[in-house]
Ligand code: EPU
């Protein structure tokens, strides 16, 4: 199993480029199942979750060809409308094929995801929504089976709770349903809007994606498209925090600035200088003392839960007590204990973490528990005195493309080891 060996104390300088968004690319790949024609996706990040989704598409019947800059998916026929447990257990986003398969093939069999390192994460809202569109749902042997052989019909679906992939799943299903579907209390994440852009290029009729009410007029069939995925706001946000925590002077390029407002405000309040250089470049500088600033995770446009762990690492270096409140997932503080092993002073109380700082962090052996938790350990290690060894970095490879190479080019002392 790969490890990262990181020697702390080196400010990041120069520039670092953001890649395409993992969480926009995953539903885009699933959307390719809605048509027999080729879909070309550009700026697909080369990360493990994307390879997993591509493997799933191949099992389902797609031809997937990857070039250096793009991926071409062609699905003349759905040969096996199924997402098996072996894949779903490694990546919950596999459930994104449920809606497209039900809509295109009239049938889908998808493993229920089960438990997860960051919380329960059920897919009950995806299932209830599909039922409202007329699919008949059975659950047995750990699988959910959707029968939509009579065709899907448009309906008004009100989500009890805001769900990102649930919104995406239902939006995809509704593109081929008969009549109009209205999704209420929909997720407003930029990844939902990017998926709608792709679907509209394929011929779908969608209004309101990016707001909490999305209206989809079903069409008979969808065609091919050529689409460039948006930049990854979570990767860019991780780099901004890296610049601040290492007391660096860093340019983050290809940065989706408008998607990062909640983080930028908090970084500025904490004492980091964040300035816009051009339409897609932010400069982050931090030299003086950092101040503690509270955050509460929320659905977009609030502070992203996917940046909570990284921000907590930063707060270990800030003066005062910062309160980090996690409202999206019930168990997303696994990084706190590992940060504590490096010297952080963190007290957990249910969904709140109290981080008292500044504390000098020292290098230690730590274990990555999930994708974003591992990113927070990398950040802490770059700010720590001495050497940190992070075990199980396969978690970080799920969502960050060659993060060690990108950080090393900006001056970090980081190496991958067996
Ligand atoms: N939820 C339900 N029922 C459902 C669906 C969700 O109760 O049917 C609950 C979840 O348990 C959670 C909350 O609703 O408490 C929000 O979950 P959501 O469905 O929005 O999460 P997701 O779609 O499974 C996506 C991202 C996550 C990100 C969350 C929240 C993708 C592929 N994944 O997950 O990204 O944390 O939205 O923003 O888009 C990551 O990249 O590290 C990651 C975990």
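Read-outs: derived from the displayed coordinates by stated rules, not from any lab. The structure displayed is predicted, hence computed values, not measured ones. So basically every Cβ, Gly included, is an ideal-geometry build from the backbone, and we count neighbours across all protein chains shown.
Quick notes on this one:
- Shape category assigned to the range 355-415 from the gyration tensor of Cα positions, a/c cut at 1.5: oblate
- For the range 88-151: relative contact order, % (alpha-carbon pairs under 8 angstrom, 6 or more apart): 37 percent
- Pair-distance distribution P(r) for the chain, from all Cα-Cα distances in 20 Å bins starting at 0: 28, 55, 17, 0 percent.
- Relative to the longest principal axis of the Cα atoms of the chain, helix 233-245 runs at roughly 0 degrees.
- The chain: angle of helix 190-201 to the longest principal axis, Cα-based, in degrees nearest 10: 30 degrees
- Highest to lowest packing among 49-57, 236-244, 352-360, scored as the average C-beta count within 10 Å: 236-244, 49-57, 352-360
- Tilt relative to the chain, helix 22-31 - C-alpha long axis, 0 to 90 degrees, to 10: 10 degrees
- Cα-based Kirkwood hydrodynamic radius, the range 198-323, one decimal, Å: 16.3 Å
- Prolate/oblate/rounded label for the range 1-127 (Cα gyration tensor, a/c 1.5): oblate
- Mean Cβ count within 10 Å, highest first, over the residues of peptides 159-170, 121-132: 159-170, 121-132
- Rounded if a/c under 1.5, otherwise prolate or oblate - the range 309-388, Cα gyration tensor axes: oblate
- Only helices enter this figure: runs of n ≥ 4 DSSP H residues, each worth -39500 (n - 2.57), summed and divided by the residues of the chain, yield -9000 deg cm²/dmol at 222 nm to the nearest 500.
- Burial ordering of 91, 171, fewest other beta-carbon atoms within 10 Å first: 91, 171
- Sequence-separation-based contact order of the chain, relative, with Cα cut under 8 Å and 6+ spacing, percent: 21 percent
- Segments 27-40, 369-382 sorted - mean Cβ within 10 Å per residue, highest first: 369-382, 27-40
- Principal axis dimensions, largest first and in whole angstrom, of the range 95-134 by Cα: 32, 17, 11
- Computed with the Debye formula from one identical point scatterer per Cα of the range 80-174, without solvent, the log10 of I(q)/I(0) at q = 0.14 Å⁻¹ comes to -0.43.
- By the count of other C-beta atoms within 10 Å, a proxy for reagent exposure, 249, 349, 197 are ordered fewest to most as 349, 249, 197.
- Contact order, relative form, for the range 301-371: 36 percent (alpha carbon pairs under 8 Å, 6 or more residues apart, mean separation divided by residue count).
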